[in-house]
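Worksheet for the structure shown next.
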């Protein structure tokens, strides 16, 4: 069993975010807010069988040069701006439901990540960041010898 320290401010912030999402879906948001940077990309983070963490972020309709990814002091920062299509004027829109604007997400990396070997690939609107673990963090097989 793992012992987890209770962090009241983090738990309160997470609860507040869940409540905001719930109420946001219930009451809806005015269209104007959707074009003012009121979004952050959805992210999945998981461990794979190759001793690395993988972060996948949904960044639809963005170009590779519009995405900024940095690793510094055990922090991974993802920044960018999802822009409204310039070929369509505001008068031509009947409805705007997708979110646009600048975003920034920062993730604290465990000290076992080898920051010098981080790689990223952007394909089909999904950014995949591979965060390899350091050699000393990888499990080692130890042979047990039986005494006679």
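Bear in mind that the values in this text are calculations on the coordinates, not laboratory data. Values in this document were obtained by computation on a predicted structure and should not be read as measured data. Glycine also receives a Cβ, built like all others from the backbone with ideal geometry; neighbour counts cover every protein chain displayed.
Please compute the length gained on full extension between residue 140 and residue 108, using 0.36 nm multiplied by the number of residues separating them and subtracting their Cα-Cα distance.
In short, 9.0 nm is gained.
With the crude spin-label approximation of a point 7 Å out along Cα→Cβ, what separation in nm comes out for residue 56 versus residue 121?
The two pseudo-label positions are separated by 1.2 nm.
Provide the packing ranking of 76-83, 40-47, 57-64, i.e. peptides ordered by the mean count of other C-beta atoms within 10 Å per residue, highest first.
76-83, 57-64, 40-47
Find how much the distance from residue 72 to residue 94 grows on full extension, using 0.36 nm per residue of separation minus their present alpha carbon separation; answer in nm with one decimal.
Here the segment from residue 72 to residue 94 would lengthen by 3.6 nm.
Where a ≥ b ≥ c are the square roots of the eigenvalues of the C-alpha gyration tensor, would you call the range 92-148 rounded, which needs a/c under 1.5, or, failing that, prolate if a/b is larger than b/c, or oblate?
prolate
Give me the distance between the Cα centres of the range 88-124 and the range 58-86, rounded to whole Å.
4
Note the full-extension length gain between residue 47 and residue 16 as 0.36 nm times their separation in residues minus their Cα-Cα distance, in nm to one decimal.
8.4 nm
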